[in-house]
Amino acid sequence: MCEVPRCQASNVSVRDFIEGNQRNMSTMYIYERKLPEPRPRLARRLGSFAQPSKGPVITQHGDFAIIENEWCPQLSKIKSDTCVSYAPNEVRISHTEAGHLAPDVVLVPTGLPGPNVKITCRYLIIRDFGVDWRHVKLATRSEQFLKDWLTRFETDTSLFFRIVGYSDCVGIERNNLHLRKGRARNVFKLLGPSARKRVISVIAAPPGTFLTDNSAIQGRANNRSVVIEFFMNGSQTL
């Protein structure tokens, strides 16, 4: 996800940009940066993603909000220094296949929010990682919903991706950064060879940034997650 006021395409092609990142994918930890306005020729290729921001539009989708103020809308995130320690048995349960949440994989938004409204970005959230775990649980990988989307990611070559890792607040930041990076990397590895070539970035969420607050067990489980942001190279509807 984009953490600068507005992320735009540079004066290189989308394909060149992705291939350039792929050459650096050995670290699989790529920072995005604010880039200049696209040239008219590239703007035609990018469609709606090349248009300047017209100010934020916030829509609610279940427990998540979408802020539509960038070339691709982003999930709303919170910044908080408030942290609640783990409850008894919380860590143990997080290490079971069942974990704290069901299902482990959710899609935001789940469908068209209204008539004649196009969705150009969606967010596949893989959540309920075990405390201090970076790997994706077998039960999570076995969810048919995840398998179906991974198949589409591999076969639909119009889709491009950003992968962002998250953690809960408990523990020292250096360890949590390690977890966020590792979780994002392991989700990247779930993608097939074609989809991997269309990944723009694999990053960790910034320190103190969460999808939900950390006051409850379910909130912390939701924050131990990875978001696959996927969008089309154009203005089609997903």
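Computed from the coordinates by the stated procedures, all read-outs in this text should not be read as laboratory data. None of these values were measured; they are calculated from a predicted model. Here the Cβ positions follow ideal geometry from the backbone for every residue, glycine too, while neighbour counts run over all protein chains shown.
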Entries of LYS137/LYS189; LYS147/LYS197; LYS79/LYS197; LYS79/LYS137; LYS79/LYS181; LYS147/LYS189 with Cα pairs more than 22 Å apart: LYS79/LYS197; LYS79/LYS137
Cβ-Cβ FRET estimate between SER80 and GLU154, R0 fixed at 25 Å, reported to 0.05: 0.10
